[in-house]
Amino acid sequence: MFSAKNNPLLRPGPFLKSIRARLTGLYLALLAITLSIFCAILYQVFVRNHQQEFDYALYNHGVDVAQSFSVDFSGEYNFNQNALIAREKVFPFSLGKSFVQIVSLEGVVVYRSPNLGNKYLPLSTSEWQAAFDRGFVYRTLPTAEMNEIARGSDDYRQITYLAHTESKPLFILQIAVPMNLLEREADSLLFFFLMGIPITLLLAGVGGLYLANKALEPVRGVILKAEQLNPSNLSERLPEHGTDDEIRQLTVTLNGLLGRIERAFESHEHFIADASHQLKTPLAILRGELDVFRSRPRTAEEMDAFVDSASQELRHMSRLMDDLLLLAKMEAGSGSLTVRDVRLDEILLEIISRFEVLAKKKGVAIKFHLEDLTAGNQADDFVVKGDPDLLQSMFRNLVDNAIKYSPENSPIEVRVINEAYRVVTQIHDLGPEISPDQAERLFRRYERGNLLVSKVSGTGLGLPIARRIAEMHGGNISILLDNPPGKAFQVEMKKV
């Protein structure tokens, strides 16, 4: 009986080993890597673009600040803060936290914003040269360096700008502004990514697990059904869902396997039942003869007669077992065909030569005819695709049947007809005529009709085996009743 406790797919313990968990984990790993790479690139692009916008705003701020300076008659620089405010040029930089310094072309600091006190903004030789070469140069002042100038935890961005106007002499303007706005925006984006990625992965994991469960739901149905299968209900099949995907293909394949297993079981059961039933009579006869033989002393002639009778029964049982095994293998599908081009005329000639001695004992003459209804000289004359051993077994059973039921001193005609798309073989004998109802029953197991059963030995399996072999090769066997006297077996085989 099925229960979730003994089903590894439904137990909570091996969840991490299940396909759904591994698929979800793989999906989350790929998603996490993709999101991380995407967010890292997006963060870098965001910081770079905002840095460029920040520097551009700082440059414009430097131009506005430079235009807000005036020089009095004594050569001192005065900063007109009200002019900046009136033109609304302060944003996005706070004048209270910004530092301004003017350096003359002689390298002398001629102006410092009041919040600098007695401190100076750094100006290296390379910055001085770059300002003269390009007109401006940027520099990031880290917190450790700015601690000497301003108390706080902000980095500063400094522009060194070569100011030149028509009414004022050239000078170097330095402005250092805090980068807290840029850093806050970058930190906010980073915080959003650090919080958003886990939440996204959590939601994606739940959704992925749900989708994996839905995708594998047919598999659970197959497992539940497979748990219920046993030798008593092998005719049942696994459920096949409507979507034509890999799971359906797997289910169809497993159902095909179940069909083959069912046929093998049935063949096994039939073989056991047939063997036990068919061996009862010869074993009973042999046991009875042994009991009679042991009842009193026997002469040499009686001993020879007993040995001949026992040998005959043993040969009958041996042939019966061979026929049962061959039929069981063919019905189970385990008898694989060794298919190649086979000439039926050659096979029949070989079989006729083997039965020549047996036929002569009854005075039966086997006549062989070949008829070619095609144009002739074709490469596929009388050639079919098949297993030569099985085809020999089929025709051997048919010829043997014809000899057994033929009257003494009567002919048997074997006719092979080559047509355009098939080869037809007819085996005609003058044995007792049969009715149409009997003709079809003769191909059933152990069915021998009324054809002198008591006088002719046989297992009743030759014709069923012959028909099964013909069907395995895509052919057919029938009994012709429209050409009395006697009967004729007709075998139709497709050509190559």
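The values are calculated or read from the model by the stated rules, or taken from the named source; none is laboratory data. Everything quoted here is computed from the prediction, not taken from an experiment. For neighbour counting, all protein chains shown are included, and Cβ atoms are generated from backbone atoms with ideal geometry for every residue, glycine included. For the accessible areas, the whole protein counts, side chains as well, though only heavy atoms, and no ligand, DNA or RNA atoms are used. Shrake-Rupley method; radii C 1.70, N 1.55, O 1.52, S 1.80 Å.
For a label point 7 Å from the Cα of L42 along Cα→C-beta, name the residues of the stretch 184-213 whose backbone N is under 12 Å from it.
Within reach of a label on L42: 189-198, 200.
Extension gain A57-L194, at 0.36 nm per residue separation less the Cα-Cα distance, in nm? Intermediate results must be reported in sequence, preceding the final value.
Working: separation 137, 0.36 × 137 = 49.32 nm, distance 2.91 nm.
Here the segment from A57 to L194 would lengthen by 46.4 nm.
Compute from the Cα atoms of the stretch 137-243 the Rg and the Dmax, the latter being the longest Cα-Cα distance, and quote both in angstrom.
In Å, with Rg to one decimal and Dmax whole: 33.9, 110.
At N255 and M321, where each label point lies 7 Å from the Cα along Cα→Cβ, what is the point-to-point distance in nanometres?
So the two model labels end up 4.0 nm from each other.
Can you run phi through the Karplus equation (6.51, -1.76, 1.60; θ = phi - 60°) for the stretch 131-147 and list ³J(HN,Hα) in whole Hz, with x for Gly and Pro?
Coupling constants for the stretch 131-147: 5, 6, 7, 10, x, 6, 8, 9, 7, 9, 9, x, 4, 4, 6, 7, 4 Hz.
Just to be sure I understand the model, the point goes 7 Å from the Cα along the line to the Cβ. What's the resulting D187 to T140 distance in nm?
1.5 nm
Which distance in nm do the two modelled labels at A420 and E440 give, with both placed 7 Å along the Cα-to-Cβ direction?
3.1 nm
Which entries in the list K17/K214; K360/K495; K367/K404; K367/K495 go over 27 Å, if you measure between the two C-alpha atoms of each?
Violating the 27 Å limit, Cα to Cα: K360/K495.
Keeping all protein chains in place and using 1.4 angstrom, which order do E145, E269 fall into by accessible surface area, from largest down?
In descending accessible area the options line up as E269, E145.
Starting from the Cα of A21, step 7 Å toward the Cβ, then list every residue of the stretch 216-247 with an amide N under 18 Å from that point.
Under cut-off, by backbone N: 216-217, 220.
Suppose accessible area is computed on protein heavy atoms with a 1.4 Å probe; arrange V364, V109 from highest to lowest.
V109, V364
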